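The values are calculated or read from the model by the stated rules, or taken from the named source; none is laboratory data. Computed from a prediction, not measured in an experiment: that's the story for all the values here. Note that we place each Cβ from the backbone using ideal geometry, even for glycine, and neighbour counts take in every protein chain shown. For accessibility, only protein heavy atoms count, side chains too; no ligands or nucleic acids. Shrake-Rupley method; radii C 1.70, N 1.55, O 1.52, S 1.80 Å.
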Amino acid sequence: MSRRRSRLADLSATTDALPSLTAREREIAELASTGMTNAGIATTLFLSVRTVETHLRQVYRKLGVSNRAALTRRMLDNTVPRTAGTDRDVVPPPTAAGGDSRATRAT
């Protein structure tokens, strides 16, 4: 139960980039985008698999996607983390030239 509350808190700490989704649709979309199966989502949220399928069908329609891979991309592209307790977006630090943010090893 506490994991679920934590997940909901994480969801509420993001920019409302997907305003057309209901809270339940958003929750199911987030779980689906992590790779969880419909049966797994149903078990986690105490729903039937059919209810999860119905919510996902609505999510796909509202977001204009046709599968889980597209849903995952859409969720990642449209979710901007926010700093806790503020309305400021978290801006990632700039990356090194070439786009690789990993530290280079001296030889």
Report whether or not Ala106 is touching a Ser or Thr at 6+ places or on another chain (Cβ under 8 Å), at pLDDT 50 or above and not in a helix (DSSP H, G or I). no
Reported set for the stretch 27-53 where residues are among the charged types (D, E, K, R) and open to solvent by less than 50 Å² (accessible area, probe 1.4 Å) is Glu27, Glu30
Yes/no for Leu56 being assigned to a helix (DSSP H, G or I) and crowded, with 16+ Cβ neighbours inside 10 Å: yes
